[in-house]
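Accompanying notes for the structure given below.
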Amino acid sequence: MNSTVNPTRELAAEIRPGVRRPDWSAVTTPAARRALAGRTAARSGLLDMWSHALEASEDIVWRTVLRLYAAQGRPPNVDEIAAAAGIDGSRVSALLRKLQLRDLVGLKAGSDAIWLAYPFTERATGHRVELNGQVLNALCAIDALGVAAMYRTDVTVESQCRSCGETIRVTTAGTGRALRSVSHPGAVVWYDLAYADSAAVSCCPAIAFFCSDGHLQCWLDSQAVQRTGARLNMNEALELGRAIFGPVLSDPVPAVV
């Protein structure tokens with residue numbers, strides 16, 4: 001299977017004071033580190049969009065969107081965001097458009113209605129995450145596995161093998177730092193490196209669970225265009241999810257004086 005990723009410098013963007021994304025300390029296995037390095041190399045444009053920290057009001061709206069999304073089990077609307085963030089609704093609309101330019105949220109065409117806020121989407125993707133009593137759609141397998149670390153709580157993930165359709169169930173432990181159970185011991189994740197315009201429409205549709213290496217290989221062999229990415233076992237995939245999503249809701253780190 002094609003796993004064309006090469007090690008590179010541990011590039012990360014400071015998303016708020018003292019908080020860097022991705023968190024390279026979360027990836028300890030060689031395969032996860034290669035996958036994260038490959039992501040950085042293949043999606044240099046995305047890192048460029050993150051290279052400057054959000055303005056304070058943008059960051060407040062971004063985190064408010066994610067907290068409300070998880071609490072409500074659906075995308076929050078502008079009025080709900082405005083009330084929770086203490087920011088005028090018209091200003092919230094403008095800030096959401098700025099966040100969309102950073103590929104942090106997605107808005108429905110011609111409106112300020114949210115249809116995605118990574119790792120979640122209102123659209124059925126087959127990746128379902130049970131989080132604090134809510135069941136939410138994740139954009140891809142890695143997004144689903146990253147939810148626990150992002151919200152500092154354990155989750156249950158259910159998805160289907162992209163090849164045979166059999167249900168794969170994963171539960172986390174230690175607030176997303178470890179696996180509690182995996183329904184298929186040989187289950188793996190394909191981490192695709194394609195990127196153009198946004199992750200949601202380029203790589204996410206191809207980042208999926210498979211119940212075995214054999215089924216992953218069958219799927220790769222069936223692709224009209226050869227895929228570039230990495231095969232990860234479930235522990236490696238969890239590390240990658242932690243690295244990408246663990247920092248998102250972290251509080252700023254006070255400066256040492």
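General remarks:
- The residues listed here are V157, V147; of these, the one that is part of a strand (DSSP E or B) and either closer than 24 Å to R39 by Cα or touching a helix residue (DSSP H, G or I) at 6+ places or on another chain (Cβ under 7 Å) (or both) is V157.
- In this structure, R102 qualifies as under 19 Å from F245 (Cα atoms), among the basic types (K, R) and at pLDDT below 95.
- Contacts under 9 angstrom Cβ, first residue in the range 16-41 being open to solvent by 50 Å² or more (accessible area, probe 1.4 Å), partner among the charged types (D, E, K, R) and at pLDDT 95 or above, 6 or more apart: D23/R242; T28/E239; P30/E236; R33/E239
- When the range 187-246 is filtered for residues that are part of a loop (DSSP other than H, G, I, E, B), of a type in the set (A, V, I, L, M) and open to solvent by less than 20 Å² (accessible area, probe 1.4 Å), the ones remaining, listed by number, are A187, L193, A199, A200, I207.
- Flag for D143 being among the charged types (D, E, K, R), farther than 16 Å from I207 by Cα and crowded, with 17+ Cβ neighbours inside 10 Å: no
- Qualifying positions in the range 108-127 - over 12 Å from P76 (Cβ atoms) and assigned to a loop (DSSP other than H, G, I, E, B): K108, A109, G110, S111, Y118, P119, R123, A124, T125, G126, H127
- Checked against the criterion of being within 28 Å of T175 (Cα to Cα) and in a helix (DSSP H, G or I), the candidates R74, R67 yield just one match: R67.
- Residue, farthest from the chain's Cα centre (by Cα), within the range 126-157, restricted to residues that are free of Cβ contacts under 8 Å to residues at least 24 places away in the same chain and closer than 22 Å to S198 by Cβ: N137
- Failed item, numbered, when R97 is tested on (1) open to solvent by less than 30 Å² (accessible area, probe 1.4 Å); (2) assigned to a helix (DSSP H, G or I): (1)
- Candidates V155, V201, filtered to the one that is at pLDDT below 95 and either β-branched (V, I, T) or in contact with a Cys (Cβ under 6 Å, 6 or more places away or on another chain) (or both): V201
- Hey, R91 modelled with pLDDT of 95 or more and under 22 Å from E122 (Cα atoms) or not: no
- Flag if S183 is over 19 Å from P22 (Cα atoms), open to solvent by 20 Å² or more (accessible area, probe 1.4 Å) and at pLDDT 95 or above: yes
- Cross-chain or 6+ apart pairs with Cβ under 6 Å, the range 198-223 first and under 25 Å from V182 (Cα atoms), then in a helix (DSSP H, G or I) and of a type in the set (A, V, I, L, M): I207/A141; I207/I142; A208/A141; F209/A141; F210/L216
- Unmet requirement for T167, which otherwise passes all of (1) open to solvent by less than 30 Å² (accessible area, probe 1.4 Å); (2) of a type in the set (S, T, N, Q); (3) in contact with a strand residue (DSSP E or B) (Cβ under 7 Å, 6 or more places away or on another chain): (1)
- Screening A83 on (1) among the aliphatic types (A, V, I, L, M); (2) more than 16 Å from L249 (Cα to Cα); (3) open to solvent by less than 30 Å² (accessible area, probe 1.4 Å) shows it passes everything except condition (3).
The values are calculated or read from the model by the stated rules, or taken from the named source; none is laboratory data. Since the model is a prediction, treat every value here as computed from it, not as a measurement. Positions of Cβ are backbone-derived with ideal geometry, glycine not excepted, and every protein chain shown enters the neighbour counts. Ligands, DNA and RNA are stripped out before the accessible areas are found, and what is left, the full protein with its side chains, is counted by its heavy atoms. Shrake-Rupley method; radii C 1.70, N 1.55, O 1.52, S 1.80 Å.
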